[in-house]
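Participant: I'd like to ask some things about the structure below.
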Amino acid sequence: MTHLGPQLETKGCDMKNLSCAAITLAFLGLAVSGANAFTARDGSRVNPVSDAVFEVIPAPGGLGRNYWCAAGDYAQRALKAPWEAQIYISRSRGASETTNRRSAVQFTLQPRLAGSPEKGIYSNVNALRRGDNMRVRNAFNLCNQLPVGF
């Protein structure tokens, strides 16, 4: 019995270390997968789709201003875009490519990826159509608006 005791203890220790390693790797995986995620000032999530395109996923019921606010916040804080740079919608509202959410809009700072529209073109902040664009500053300023009916 004395002989089996240390073997079991060693086996238990190995299993414990294996479990610790597995848990550590799991947390590392979560940290790496969430490393590219960005939370905008209004709580919307922003995820890169490619080097030039990013996707805004607002809280359920998000309005146009939530999409633009998050895009402006991400462009300024994460991408270090100047306040006068233009943000363009490269893909209208649709299913998210980076999450399982049904509503997301993709943005870019490159006009050719949005169909090369004229600067400052959007009919309505809630329209969210491909090619709609505004300055980073104007989009970011939508973060400071109070909700309708407040």
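Any read-out appearing in this document is the output of simple, stated calculations on the displayed coordinates, not a laboratory observation. Everything numeric here is computed off the predicted structure, so don't read it as measured data. We place every Cβ from the backbone using ideal geometry, glycine too, and count neighbours over all the protein chains shown.
Participant: Sort the following peptides by mean Cβ neighbour count (other Cβ atoms within 10 Å, averaged over residues), highest first: 50-58, 66-74.
Facilitator: 66-74, 50-58
Participant: Still on this structure, please answer the following. Rounded, prolate or oblate, given the Cα gyration tensor of the range 38-144, with a/c below 1.5 counting as rounded?
Facilitator: Since a/c stays below 1.5, the shape of the range 38-144 is classed as rounded.
Participant: Can you tell me the dipole magnitude for the range 38-144 around its Cα centre, using point charges on the Cβ only (Lys, Arg +1; Asp, Glu -1), in Debye to the nearest 20? If you can, show how the numbers build up before the last one.
Facilitator: Values: 15 positive and 8 negative charges, 23 e Å.
Taking the Cα centre of the range 38-144 as origin, the dipole is about 120 debye.
Participant: Separate question: Can you check what the net charge comes to around Ala127, using other residues whose Cβ is under 15 Å from the Cβ of Ala127 (Lys, Arg +1; Asp, Glu -1)? Walk me through the numbers before you get to the answer.
Facilitator: Numbers: positive: Arg65, Arg91, Arg93, Arg129, Arg130; negative: Asp132.
Charge balance in the 15 Å sphere: +4.
Participant: Give me the net charge of Ala139's neighbourhood, meaning all other residues with Cβ under 14 Å from the Cβ of Ala139; Lys, Arg count +1, Asp, Glu -1.
Facilitator: Every neighbour counted, the sum reads +2.
Participant: Grab the other residues whose beta carbon is less than 14 angstrom from that of Gly43, score K and R as +1, D and E as -1, and report the net. Present the calculation step by step, with values, prior to reporting the outcome.
Facilitator: Working: positive: Arg41, Arg45, Arg65, Arg101; negative: Asp42, Asp73.
Charge balance near Gly43 sits at +2.
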